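Asker: Mind having a look at this structure? Questions to follow.
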Amino acid sequence: MNKLTLPIAIIALITSVGSFFFLQPSTELVYVDVNKLLEGYNRTEIVKKAFDKKAQTMKANVDSLVSNWQTELKAYEKERSSMSKKELELKQELLANKQQQINNYQQAVQKQLVEEDKKVTQTVINDINDFVKEYGKKKGYRVIFGATGNGTIMYGEESADLTEIVLKELNAEFEGNK
């Protein structure tokens, strides 16, 4: 009985060490290029087109107001020689007030566009982050780094770059959810 104990113990030790190394989750370090994901994600282009259309409409409204104000200014300049001093003052005040209102509106539009751009960009980033998180869990990665081109990952072997694989699956999921 004693003769079997040592070989069984050795086999058990080899089995446990082997299973420790072979059954461990992947410790391979991998990364994705966040900028490439943003650029290549189909939803980014769709969201950007919708945002650009909205921005053009809002800018066209501002341009229309500016054009109307410029027309009024030209008319004032033509007619001012025939106006009384009181009429001149009133018209100048009216034009100055209108210009201030247009400037305020233009600033409000610009602020709204900046906020809207941040919001839609963050929505796309959240989509990508959620997908990469689930992808990592599904594929057994412990960590997936995100390279942004500003020094977060200085070097990575091509074999550790999951960008194209993730982008392909991300777009496939997006197309399937449309």
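The values are calculated or read from the model by the stated rules, or taken from the named source; none is laboratory data. Just so it is clear, the model here is predicted, and its values are computed rather than measured. Note that each Cβ is placed from the backbone with ideal geometry, even for glycine, and that neighbours are counted across all protein chains shown.
Asker: Which residues, taken from the range 147-173, are touching a residue at least 60 places away in the same chain (Cβ under 8 Å) and more than 14 Å from GLU39 (Cβ to Cβ)?
Answerer: Across the range 147-173, the qualifying residues are ILE153, GLY156, ALA160, ASP161, LEU162.
Asker: Just one of (1) exposed (fewer than 12 other Cβ atoms within 10 Å of the Cβ); (2) more than 36 Å from the chain's Cα centre (by Cα) trips up LYS53, so point out which.
Answerer: (2)
Asker: Right, next: For the range 163-174, check the following and say yes or no: at least one residue is out of contact with any strand residue (DSSP E or B) (no Cβ under 7 Å at 6 or more places or on another chain) and of a type in the set (Gly, Ala, Ser). Explain how you work it out, then say what you get.
Answerer: Just the residues of the range 163-174 that are out of contact with any strand residue (DSSP E or B) (no Cβ under 7 Å at 6 or more places or on another chain), to begin with: 164-165, 167-174.
Remaining after also requiring of a type in the set (Gly, Ala, Ser): 172.
So far as the range 163-174 goes, yes, one or more of its residues are out of contact with any strand residue (DSSP E or B) (no Cβ under 7 Å at 6 or more places or on another chain) and of a type in the set (Gly, Ala, Ser).
Asker: Starting from the range 128-142, take each residue that is in contact (Cβ under 8 Å) with a residue 60 or more places away in the chain and list its partners that are assigned to a helix (DSSP H, G or I) and surrounded by fewer than 18 Cβ atoms within 10 Å (Cβ to Cβ), counting only C-beta distances under 9 angstrom and pairs at least six apart or across chains.
Answerer: From residues that are in contact (Cβ under 8 Å) with a residue 60 or more places away in the chain, the pairs are ILE128/LEU38.
Asker: Looking at (1) farther than 26 Å from LYS49 by Cα; (2) without any contact (Cβ under 8 Å) to a residue 24 or more places away in the chain, which is the only condition LEU95 fails?
Answerer: Unmet condition: (2).
Listed here are the residues, each with its yes/no results for (1) under 30 Å from GLY146 (Cβ atoms); (2) at pLDDT 95 or above; (3) not acidic (Asp, Glu).
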{"site": "GLU72", "(1), (2), (3)": "no, no, no"}
{"site": "GLU77", "(1), (2), (3)": "no, no, no"}
{"site": "ARG80", "(1), (2), (3)": "no, no, yes"}
{"site": "LYS85", "(1), (2), (3)": "no, no, yes"}
{"site": "GLN100", "(1), (2), (3)": "no, yes, yes"}
{"site": "TYR105", "(1), (2), (3)": "no, yes, yes"}
{"site": "VAL120", "(1), (2), (3)": "yes, no, yes"}
{"site": "VAL124", "(1), (2), (3)": "yes, no, yes"}
{"site": "ASP130", "(1), (2), (3)": "yes, no, no"}
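Asker: Taking the stated definitions as given, is ALA108 within 29 Å of ASN42 (Cβ to Cβ), among the aliphatic types (A, V, I, L, M) and either in a helix (DSSP H, G or I) or without any contact (Cβ under 8 Å) to a residue 12 or more places away in the chain (or both)?
Answerer: Numbers: within 29 Å of ASN42 (Cβ to Cβ): no; among the aliphatic types (A, V, I, L, M): yes; either in a helix (DSSP H, G or I) or without any contact (Cβ under 8 Å) to a residue 12 or more places away in the chain (or both): yes.
So ALA108 does not fit the description; no.
Asker: Is it true that LYS48 is closer than 30 Å to TYR141 by Cβ, among the basic types (Lys, Arg) and surrounded by 14 or more Cβ atoms within 10 Å (Cβ to Cβ)? It would help to see each step written out before you state the result.
Answerer: On the way: closer than 30 Å to TYR141 by Cβ: yes; among the basic types (Lys, Arg): yes; surrounded by 14 or more Cβ atoms within 10 Å (Cβ to Cβ): yes.
Yes.
Asker: Scanning for something within 19 Å of the chain's Cα centre (by Cα) and more than 19 Å from THR57 (Cβ to Cβ), does the range 152-161 turn up at least one residue?
Answerer: yes
Asker: Here's something else I'd like to know. Taking the options ASP130, ASP117, name whichever one is under 23 Å from the mean Cα position of the chain (by Cα) and surrounded by fewer than 12 Cβ atoms within 10 Å (Cβ to Cβ). It would help to see each step written out before you state the result.
Answerer: Values: ASP117 fails: surrounded by fewer than 12 Cβ atoms within 10 Å (Cβ to Cβ).
Result of the check over ASP130, ASP117: ASP130.
Asker: I need the full set of residues from the range 153-178 which are under 14 Å from LEU29 (Cα atoms), part of a loop (DSSP other than H, G, I, E, B) and of a type outside the set (A, V, I, L, M), in order please. Spell out how you get there, then give the answer.
Answerer: Of the range 153-178, the ones under 14 Å from LEU29 (Cα atoms) are 153-163.
Next, from what is left, pick out any that are part of a loop (DSSP other than H, G, I, E, B): 153-157, 162.
Residues satisfying the conditions are TYR155, GLY156, GLU157.
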